[in-house]
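Trainee: This is the structure, below, for whatever I ask next.
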Amino acid sequence: MISDKDSKKILVVIPARGGSTSIPRKNLSPLLGIPLIAYTISTALKLDFVDRVIVSSDDAEIQYESLKYGAEVIERSPGISQTFSRDNEMFDELLERDQSISIQDIVLFLRPTHPIRNPDTLKKAFHQFASSPIKIDSLRSMKVNKEIIFKSWGVGNDGLAIPAFNAELTSVPDPCNAPRQLLPVTYYQDGYIDIFPISTVKKFGSTCGNKVMPFLINEFSEDIDYSHDLNTIENYLLSKTPPDWFTFPKPIS
């Protein structure tokens, strides 16, 4: 267990490379006329327990917009800003470029592709992480899977179907053909928030580690992969009265 405000610093880190394969310049995509990344920065700045809000980006325009909306910027090297670059490379570079960042610091990892987040939900997630009675490597937000993943298949090099899940994951024999009521509920990571100490990244080379605490999300949220996801969020904001906690981002400089 750690206290909500231990000697460790609490950092929001927002990864925002310039390239994107699904939507060109996705992190700057206008959402009702405001750059997408501004929504995540604006929400992060509302968290009074956070010490720093940092954007890591290789892109000059993203850096400019991030500063304009109130975040710090640490430049990210182009070599670790590629499609298949890993988050652990970014954290290695953050430690090298800013000596005030420690591997003991706690990170709220907020991807800019998830623009609508309730600050109170983020606070609850941090409290759940900080008050864990057992040592965990990370917390990851999740939602209940609508699909029965034990009935999922992949296709091998020989063109034949392969069950996506080994029967060892459940005590139910032949889960691909079992009634859904016998199969366990599963969850998917939804991108709302990840929390971890940087020491997890250094130890495991990932933001997860081995002991992952689930944090269940039961509210509207949408992670943007394709242009129709942007449309879903715009329609939500235009067709409904925004919740009390939601405000549109405004530049602070």
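The values are calculated or read from the model by the stated rules, or taken from the named source; none is laboratory data. Only a predicted model underlies this, so the values are computations on that prediction, with no experimental measurement involved. We place every Cβ from the backbone using ideal geometry, glycine too, and count neighbours over all the protein chains shown.
Trainee: Any chance you could count how many residues in the stretch 33-56 are of a type in the set (Phe, Trp, Tyr) and within 15 Å of the chain's Cα centre (by Cα)?
Mentor: So the count comes out to 1.
Trainee: Does the stretch 138-160 hold any residues that are surrounded by 11 or more Cβ atoms within 10 Å (Cβ to Cβ) and more than 30 Å from Pro15 (Cβ to Cβ), and which are they? Working first, answer last.
Mentor: Applying the first criterion (surrounded by 11 or more Cβ atoms within 10 Å (Cβ to Cβ)) to the stretch 138-160 yields 138-145, 148-153.
The answer is Ile148, Phe150, Lys151, Trp153.
Trainee: Let me ask something additional. Within the set of pairs 6+ apart or on separate chains, which have a first residue in the stretch 238-253 that is farther than 13 Å from Glu219 by Cβ, a second that is assigned to a loop (DSSP other than H, G, I, E, B) and at pLDDT 85 or above, and C-beta atoms under 7 Å apart?
Mentor: Pro249/Tyr69; Pro251/Tyr69; Ile252/Tyr69; Ile252/Gly70
Trainee: Out of the residues in the stretch 162-196 that are in a strand (DSSP E or B) and at pLDDT below 85, state the one that is surrounded by the fewest Cβ atoms within 10 Å (Cβ to Cβ).
Mentor: Ile162
Trainee: Continuing with this model, one more query. Sort through Ile233, Ile217 and tell me the only one that's assigned by TED's automatic domain parsing to the domain that holds Tyr39, surrounded by 15 or more Cβ atoms within 10 Å (Cβ to Cβ), in contact with a strand residue (DSSP E or B) (Cβ under 7 Å, 6 or more places away or on another chain) and over 30 Å from Ser102 (Cβ atoms).
Mentor: None of the other options fit; the residue is Ile233.
Trainee: Restricting the first residue to the stretch 20-48 and requiring it to be under 18 Å from Leu237 (Cβ atoms), which pairs with a second residue that is small (Gly, Ala, Ser) and surrounded by 22 or more Cβ atoms within 10 Å (Cβ to Cβ) meet a Cβ separation below 8 Å and a spacing of at least six or different chains?
Mentor: Here the result reads Ile37/Ala16; Ile37/Ser66; Ile41/Ser66; Ile41/Ala71, each pair linking the stretch 20-48 to a residue that is small (Gly, Ala, Ser) and surrounded by 22 or more Cβ atoms within 10 Å (Cβ to Cβ).
Trainee: Any residue at all in the stretch 164-180 that is among the hydrophobic types (A, V, I, L, M, F, W, C) and within 30 Å of Gln99 (Cα to Cα)?
Mentor: no
Trainee: Which residue, of Leu139, Leu122, is assigned to a strand (DSSP E or B) and modelled with pLDDT of 95 or more?
Mentor: Leu139
Trainee: To continue, here is another question. Name the residue that is surrounded by the fewest Cβ atoms within 10 Å (Cβ to Cβ), counting only residues in the stretch 111-126 that are closer than 21 Å to Ala38 by Cβ and hydrophobic (A, V, I, L, M, F, W, C).
Mentor: Ranking the qualifying residues of the stretch 111-126, first place goes to Ile116.
Trainee: Can you tell me which residue in the stretch 142-159 is farthest from Ala16 (Cα to Cα), limited to those that are without any contact (Cβ under 8 Å) to a residue 12 or more places away in the chain and in a strand (DSSP E or B)? Write out each step before concluding.
Mentor: Pass one, the stretch 142-159, residues without any contact (Cβ under 8 Å) to a residue 12 or more places away in the chain: 146-147, 154-159.
Checking the rest, the ones that are also in a strand (DSSP E or B) come to 154-155.
Working: Gly154: 31, Val155: 33 Å.
Out of the qualifying residues, it is Val155.
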